[in-house]
Amino acid sequence: MIKVVIDGVPGEPHPRRGSWSAVYEGGLYVWHGGWKTSDYHEYGCDDDAFSIFRLDLLSLKWDDLKLENGGGYNSEDMYALSCGSCTQNYKYVYTFGGHCMTGWYGADPFCNIIYQVDLETLKISRLKHKGQIPGSRDKTALFYYKDALYLFGGWSRYQNTVQKGANFVCHKSYKTLGWNNEFYRYDLLTAEWTNQELKGHFPPPTAASTLTRAGDKAYLVAGRNPPDRVDDVYVLDLITMVWEHYSNPVALAPPVPWPGPRSSHAVSPIYLTGGAQTPHLVMFGGLAPDDSAYNDVWLFDLTNLQWKQQKFQDNTLQIPCRTWFCMGATLNIWTSCFELCLFGGVQGSLLDQDILELADTLVLEMGISSLKRLACFAIINNFKALEPVIDTLPTVLRDNLRELHIARDSKQALFTVLSRFSPFKCFPLLSHLEHKP
């Protein structure tokens, strides 16, 4: 069962959109991004340039941590930097490009800087690069694979492309701005960029898409390309480096479930079980062709290449629609289920002068709550009554409670765990899925 476990967390960071995020060691990390000030064309950020926020996924408490300059980090370059791309390899997060507020004062508003963030030491370092370096851009797609970063597409000023098969398409109103479908590889060992030839049925110029790796394949889902937002899926075989294209089979009867066209959405890989582990992509939100925002959840089966929408049982439940938000998937030790952690974003187009950035935290649980979790939940809610006999609990429950540092004499630890569950509503959805790591 999918349900909303958390809707709103005290102490949340300032509203923002286009932030970077990653999940590591039980925490959701969020940093940078921007929001509007009094001038429509300006985006401000009241954070310290070295701020990085961490949401503890057990206690659901936000902490404002500080990054340490590991070399080459320029806080002025990062002011209100948003809509860049990022990817993660265990404790390391790599970011590329983005849109910087300082660009509105005469410089190029886009950048092509690469940063590495070590989530264990909280050091941020600017990586050197050489070779066939991509031009400055934002709204790109980025993923990690075997000691290399792969970069696709984006939105930028007009640039002559030298890649075979790649091209640049100008916006009909902004003649010097547009989309590209360039594809690059950055070797993390040599710090060198190289062009990657586009082979097969490769994507057209695209921005504000997602490119998510699962195993030896990468999946480009939806995005914005001329003339509008699309719902296509492109699959890149990382062994042969050949693209395949899958589109909505609208001619079939009955119609096949397929999400609507969108951009600025979020996608994460997860593993579901139905007798055996099967890889899926989970997608939430995004911006529709009419500039309205989605709040739907879709699963894409990577074995059968089929979409399935996850429906809410309570039709009156209003989950905020959003775009340009942070999302991470993590495994909850209580439930053995995946949880989607979402923060921030906007509820429409960035070009809407009245749009407001969000500052709410949303946690969606994908799975059926285990008996262990239900038992622990009952213990926590009745802790005072059960305290005299807490030592007689089954070993498995005591061990789980001990993992969360619940001691008979630790009221603060108990409060921390209580805040994880009791104050928030749980809303069931129609889809029933079993999950395990």
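The values are calculated or read from the model by the stated rules, or taken from the named source; none is laboratory data. All of these numbers come straight from a predicted model, not from anything done at the bench. Backbone-built Cβ (ideal geometry, glycine too); neighbour counts: all protein chains shown.
Things worth noting here:
- Residue match in segment 220-230 (condition: more than 25 Å from the chain's Cα centre (by Cα) and either surrounded by fewer than 17 Cβ atoms within 10 Å (Cβ to Cβ) or under 26 Å from L340 (Cβ atoms) (or both)): yes
- Within segment 131-149, residues that are in a loop (DSSP other than H, G, I, E, B) reach partners that are among the acidic types (D, E) and surrounded by fewer than 21 Cβ atoms within 10 Å (Cβ to Cβ) with beta carbons closer than 6 Å, at six or more positions or on different chains, in the pairs S136/D108.
- In segment 302-330, residue modelled with the lowest pLDDT [restricted to those that are charged (D, E, K, R) and closer than 30 Å to V235 by Cα]: K311
- Qualifying residue in segment 346-355 (condition: modelled with pLDDT of 80 or more and either farther than 20 Å from Y219 by Cβ or part of a strand (DSSP E or B) (or both)): yes
- The numbered conditions (1) surrounded by fewer than 19 Cβ atoms within 10 Å (Cβ to Cβ); (2) at pLDDT below 75; (3) touching a strand residue (DSSP E or B) at 6+ places or on another chain (Cβ under 9 Å) are all true for I333 except (3).
- Annotation: of all residues in segment 111-129 being among the aliphatic types (A, V, I, L, M) and crowded, with 18+ Cβ neighbours inside 10 Å, the one that is modelled with the lowest pLDDT is I113.
- Against the criterion of being in contact with a strand residue (DSSP E or B) (Cβ under 6 Å, 6 or more places away or on another chain) and among the aliphatic types (A, V, I, L, M), V242 qualifies.
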